[in-house]
Structures are given as structure tokens and as C-alpha cells.
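Following: one structure in C-alpha cells, then a few remarks.
The values are calculated or read from the model by the stated rules, or taken from the named source; none is laboratory data. All values derive from a computational prediction rather than experimental measurement. A quick note on method: Cβ atoms are made from the backbone with ideal geometry, for glycine too, and the neighbour counts reach across all protein chains shown.
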Amino acid sequence: MRRLAAFLCLLPGLGFAQTSTLESLDRRDQVLGWEAVGRIDMGGAAFCTGTLIAPDLVLTAAHCLFDGRTNAAFDPASIQFRAGLRDDKIVAQGRVRRAVAHPGYTPFTHVSAENIAHDVALLELAEPIPAGRAAPFAIFAPCAGAQISVVSYARERAGTLSWQRSCNIKDRFASVMAFDCDVNHGSSGAPVFDLSEGRAKIISIISSGQRDASGAVSYGMQLPALVADLKAALRSGKGVLLAKGDAPLAQIRRIGVGDGDNSGTGARFVKARSAAP
């Protein structure tokens, strides 16, 4: 924690390009291009944001897999991914068959630089979502000085995607990055995009953050090696959560390329829901 605090002290006073305000993507034409970003609903108790990186793989934050009320992992059978959710309309919906959190993430502990650096998970859908309906995004390493963009669901905008066209990487500490992007409860797992070259590429996901008088600050991690680890875990079955009622895969198949706060869980942006929107 001391190292994380020292890192955060570097942030005030740095100069960056101006950030943009949030735009609500509440029309069908506004969702075009972002269909692979969706809301992940965990057992009707909470939600996060996730993104397709393959037709059957959803990238999100590791802490989204863990229920701070019970100190146990959610049953993947209770998790649904709703791609391109806009009010009551969706582009596609998928039931989660298997889920895996990065082994470097420790659930039910306080937020730390180490946990932020490994706060990544993959959800495997029972049935793939055709790329023609929701084209998966690729994972890339961040470029120096890149201006970034975030698409997310969050508190008070849980039923509609919000897009911040322009925000910044404020600083880096080892494999942790800090952003000035406007996120809130429910934004856990939201994709951080680099839009500088053609189609958007995911360079990080939102792990946690805060807002104070000086503005918003959020934190994420570098992804390529972590996502490779998670794909390897799905191939081997090590550390993988299997939905109750599903049988293990008979054969290992090839995987294609592609927050209300709960005290003590590190789930800074998992937002509890009282009812579906």
C-alpha cells in the first residue's frame, strides 16, 4: 500500500490534454461499433462492465467474480453477459459457462498496487456471439502518450452505455496505470481503448478509482501477458470456475485470439442493484 500511495502522490499537477464529458449512447446508431461492450450481471446482485475479445470470451475485472456478501465466488451459472445493452434492448446475450480470475489476484483483500496489476478475468460463454453481431476487440500494449477512451456502464447510467471520447494516461507505476477517465460504481472491467490507429484496441480495463475535489482518477493494468495467462488457464482448467450443472469439456479446445463497495473485497466499482433496469 505504501508503494501505491507513493505512486498516487506523483499524479497531481501533471499536464495532459483536456478530457471530454460522458456521452450517453442511448440510440441504436450510437452503439454501432461498441456492440462488443456489455453489462455483466452477477446473480441479480451486482453488475460490472465487460468486453468481447473473442466470440465466446468476455474480458472483465477479477474482483467482479467474487461476492463480498458471502466471501465466495459467484457461480458462473448466475452470470449473464448482455452485449450492447441499451435500456431493455440488447445486441446479444450470453450465459457464462466458465470463468477464471488471474492467479495473481487475491480476492477479499484491500486495494493494492499488486491486486490492481492482476485484477483481470475471462468469462467463457456457453455459446459464442457471432462477430457479425458484436465484433470482438483486440488487446494491445499501451503506446507512450496515447490519448484514450472509455466505454462503460455505471451507477445512475446502468442501463445505457456511456462513452468518454477523450481522457488520458496520467502515469504508470510498474504494470499499473492511472487515468483521468470519468468512471463510477459499475465501471469495473470497463475497457480502456486506444483510438489512435484505426479500430479501437483495448489497452487496459478499469480496476478501481476515486473522485475528489481535484477530479476523477482511476486505475488499470497492462493486459497482453495477463490475458495470455488466462487463456492458458482456460485451456488447462487450472483455477477455472465451472457453472453448476455444466460438465467439464471432454476435450481441450483452442481458444481464439481475440462496484456498491463491498468492504475488504477491493471491489471498488461493483454496484449492487435492487432491480433490473
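Given the conditions (1) modelled with pLDDT of 90 or more; (2) over 25 Å from Arg165 (Cβ atoms), and given that Phe47 satisfies all but one, which numbered condition is not satisfied?
Evaluating Phe47 over (1) modelled with pLDDT of 90 or more; (2) over 25 Å from Arg165 (Cβ atoms) leaves (2) as the failure.
Which members of region 98-131 meet the condition of being part of a loop (DSSP other than H, G, I, E, B) and under 20 Å from Arg172 (Cα atoms)?
Correct list: Gly104, Tyr105, Val111, Ser112, His118, Asp119, Val120.
Criterion first (assigned to a loop (DSSP other than H, G, I, E, B), at pLDDT 90 or above and more than 19 Å from Val91 (Cα to Cα)) does Ala134 satisfy it?
In short, no.
To keep it simple, each residue is scored yes or no on (1) in contact with a Ser or Thr (Cβ under 6 Å, 6 or more places away or on another chain); (2) within 21 Å of Arg157 (Cα to Cα); (3) not charged (D, E, K, R).
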residue: Leu57; (1), (2), (3): no, no, yes
residue: Thr60; (1), (2), (3): no, yes, yes
residue: Asp67; (1), (2), (3): no, no, no
residue: Ala73; (1), (2), (3): no, no, yes
residue: Phe81; (1), (2), (3): no, yes, yes
residue: Gly84; (1), (2), (3): no, yes, yes
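Does region 155-213 hold any residues that are under 26 Å from Asp29 (Cα atoms), crowded, with 20+ Cβ neighbours inside 10 Å and of a type in the set (S, T, N, Q), and which are they?
Selection gives Ser162, Gln164, Asn184, Ser187, Ser188, Ser204.
Select from region 61-83 the residues that are crowded, with 23+ Cβ neighbours inside 10 Å and more than 23 Å from Gly245 (Cα to Cα) and write down the one among them that is nearest to the chain's Cα centre (by Cα).
Within region 61-83, the match that is nearest to the chain's Cα centre (by Cα) is Ala61.
Restricting the search to region 122-154, which residues are surrounded by fewer than 18 Cβ atoms within 10 Å (Cβ to Cβ) and acidic (Asp, Glu)?
Passing the criteria: only Glu127.
Which residue out of Asp56, Asp41, Asp67, Asp26 is at pLDDT 70 or above and under 15 Å from Ala190 (Cα atoms)?
Just a single option satisfies the conditions, and that option is Asp41.
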